[in-house]
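The structure appears right after this line, and notes come after that.
The values are calculated or read from the model by the stated rules, or taken from the named source; none is laboratory data. All values derive from a computational prediction rather than experimental measurement. Don't worry about glycine lacking a Cβ; one is built from the backbone with ideal geometry, like all the others, and counts go over all protein chains shown.
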C-alpha cells in the first residue's frame, strides 16, 4: 500500500489529509487516479520525504506527499 498525504490547501481541494492506496509502478500512475484530477500541475511532489517527479518509481510501503508551491522573501 502507498500512503498519500496532502498538505495545506490541497487538503480541502482533494478532500483528504491522508489516503492509503494500492501500490502502483510510478508516481505518475498514482496521480492518474481520478481522486487527483484537481491537483494543480505545479504541485510539489515527494516520495519518502525526498522531492520527486512523476517518473519516480513507487514500492509498497512508500509515502507520497502532495504540497502546494511556496514563496517568500
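Applying the condition of being assigned to a loop (DSSP other than H, G, I, E, B) and in contact with a helix residue (DSSP H, G or I) (Cβ under 7 Å, 6 or more places away or on another chain) to the stretch 54-70 and asking which residue is surrounded by the fewest Cβ atoms within 10 Å (Cβ to Cβ) yields 55.
Residue count for the stretch 9-39 satisfying the condition of being surrounded by fewer than 12 Cβ atoms within 10 Å (Cβ to Cβ) and either in a loop (DSSP other than H, G, I, E, B) or without any contact (Cβ under 8 Å) to a residue 24 or more places away in the chain (or both): 9. Counting only residues that are in contact (Cβ under 8 Å) with a residue 24 or more places away in the chain and touching a strand residue (DSSP E or B) at 6+ places or on another chain (Cβ under 7 Å), which one in the stretch 40-52 is farthest from residue 70 (Cα to Cα)? The selected residue is 52.
Kindly indicate whether residue 73 is modelled with pLDDT under 95 and not in a strand (DSSP E or B). Spell out how you get there, then give the answer.
Values: modelled with pLDDT under 95: yes; not in a strand (DSSP E or B): yes.
For residue 73, the condition - modelled with pLDDT under 95 and not in a strand (DSSP E or B) - is met.
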